[in-house]
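Heads up, the thing below is written out as structure tokens.
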Amino acid sequence: MDTKKFRTRQEFNSLSLPKGKDYIVALDVGYSGTKVFYETGYACFPSYAKLLDDHMMNVPDHKDIIYRNDETGETYLVGYNAQNMADGTNDTDSELYSRKRYTDPRFRIICYTAIGIAAMKKTDDRKIIIQTGLPASYLNDAVSLRKAITEMPRFSLKIGAQKDWISFDIKIDSGNIFVMPQPMGALYSTIIYNNGSFTKDAMSMLKGSVMVLDAGFGTFDFYGIKDRHVDCQDSIDDISMRQVFIKTTQNISKEFGEEIRVPALQKNLSTGYVTCIDEEDMGSCDKDFSALLEKANNEVFETAKIKIRSVTKAFRGYQYVIVDGGTGEAWFDKIRDWLSNMKTLQIVPSNINDKLPFIYSNARGYYMFRYTNNKK
């Protein structure tokens with residue numbers, strides 16, 4: 001198993017999307033990665049921020065994302081390199097993966113950084129509007145999410161090894177922040193082309209029966225629509241990629257005797273090895289943990305099958321199943337094989353219209369949905 005494919009990516013890409021009468025920022029702040037779409041591109045970076053102090057070496061790196069609060073002077077490293085600094089001791093899993101994370105300064109910094117990346121490409125005076133989403137069962141948190149975004153301070157960013165700060169003073173009214181169930185993003189990404197037009201199957205899917213399986217890092221979301229009304233809306237947190245990583249760290253502890261917290265595991269995914277220390281003989285060696293990751297992945301998928309069958313009532317009455325999310329991409333072939341005898345079901349990958357990694361489907365769908373409601 002290639003462990004690199006399981007690490008949260010960081011990248012910035014150009015893409016031409018249709019323009020609305022307002023400047024649309026589609027924001028997906030996941031527990032693992034933050035994704036953002038805007039009319040000239042899209043980006044992803046790990047949802048991790050670490051406060052910098054004077055003792056940290058000021059050596060620019062091409063993977064740096066540096067955020068500075070211009071009102072307090074506090075500076076944070078965000079994304080890939082911040083994640084590389086995780087040692088698993090100062091950041092507890094409960095803090096990083098808590099549902100109620102909206103008041104955490106690091107969560108807000110991650111949001112502001114993504115919005116700033118999108119706003120860098122804005123060249124006119126259109127107002128910024130935000131389309132985002134929450135897990136299907138967490139929609140009551142929309143007020144807290146809006147509040148976090150509306151309280152954005154003046155801030156500056158440095159991306160990569162650039163020398164100059166780019167400053168932002170962005171004010172977004174709560175009425176211009178739209179929140180939908182996350183899996184709806186995948187649905188709309190599946191039925192809208194990059195030019196903003198609907199696919200030939202769009203009406204059939206919207207008026208028919210669709211189940212979205214949005215398998216992400218923190219939650220596995222179910223969103224089912226039958227005859228134009230919501231039939232199923234649920235979120236489960238023990239069949240996600242986080243659970244795969246928890247089991248992997250447990251396996252590493254049992255087999256190798258090394259304790260690694262989930263946040264710190266991301267760095268090991270880049271190499272596929274864990275450094276093991278023998279304190280008595282003062283020796284060290286690197287051990288391949290890819291088999292342990294594969295074992296954990298298979299175990300969680302077997303548990304997921306049971307819960308999927310229960311929540312969806314074995315897909316009774318559904319015509320389409322859309323598979324979404326980073327975990328969904330890792331499991332797509334498994335899901336398709338598992339359901340291969342369901343002749344009445346059509347299994348649809350969430351990236352069918354763009355061929356981008358599944359992790360982008362929700363954010364792309366947010367953009368396309370908001371665009372259809374915001375045309376000139």
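The values are calculated or read from the model by the stated rules, or taken from the named source; none is laboratory data. All values derive from a computational prediction rather than experimental measurement. Using ideal geometry, Cβ is built from the backbone for each residue, glycine included, and neighbour counts are taken over all protein chains shown. Each accessible area value is taken on the protein alone, full model and side chains, heavy atoms only, with ligands, DNA and RNA left out. Shrake-Rupley method; radii C 1.70, N 1.55, O 1.52, S 1.80 Å.
General remarks:
- Helical contribution to [θ] at 222 nm, DSSP H n ≥ 4, -39,500 (n - 2.57), averaged over the chain, rounded to 500: -9500 deg cm²/dmol
- Shape parameters for the chain, alpha-carbon atoms, Rg then Dmax in Å: 20.9, 71
- Taken per residue, the accessible surface of the chain reaches 45 Å², heavy atoms only and a 1.4 Å probe.
- Nearest-0.05 FRET efficiency for Asn13 and Met282, computed from C-beta distance (R0 56 Å): 0.75
- Label-point gap, in nm, between Glu299 and Asp53 - each point 7 angstrom along Cα→Cβ: 3.7 nm
- Cβ-derived FRET efficiency at R0 25 Å, Arg126 paired with Phe198, nearest 0.05: 0.55
- With the simple spin-label model, which puts each label point 7 Å out from Cα in the Cβ direction, the Thr150 to Met85 separation comes to 3.2 nm.
- Residue-wise HN-Hα coupling along segment 295-312, computed from phi with Karplus coefficients 6.51, -1.76, 1.60 (Hz; x: Gly, Pro): 4, 5, 4, 5, 5, 5, 5, 4, 5, 4, 4, 4, 6, 4, 4, 6, 5, 8
- Cα-based radius of gyration for segment 152-310, normalised by 2.2 N^0.38 Å, reads 1.48.
- The Cα trace of segment 114-201 gives Rg and Dmax of 16.0, 48 Å, the first to one decimal, the second as a whole number.
- Computed from backbone phi, the HN-Hα couplings of segment 141-147 come to 7, 4, 4, 5, 5, 4, 4 Hz, rounded to whole numbers (Karplus: 6.51 cos²θ - 1.76 cosθ + 1.60, θ = phi - 60°; Gly and Pro given as x).
- Debye-formula intensities of segment 221-334, expressed as log10 I(q)/I(0) at q = 0.14, 0.15, 0.20 Å⁻¹, are -0.67, -0.73, -1.06 (one equal scatterer per alpha-carbon, no solvent).
- Carbon + sulfur, % of accessible area of the chain - ligands and nucleic acids excluded, 1.4 Å: 46 percent
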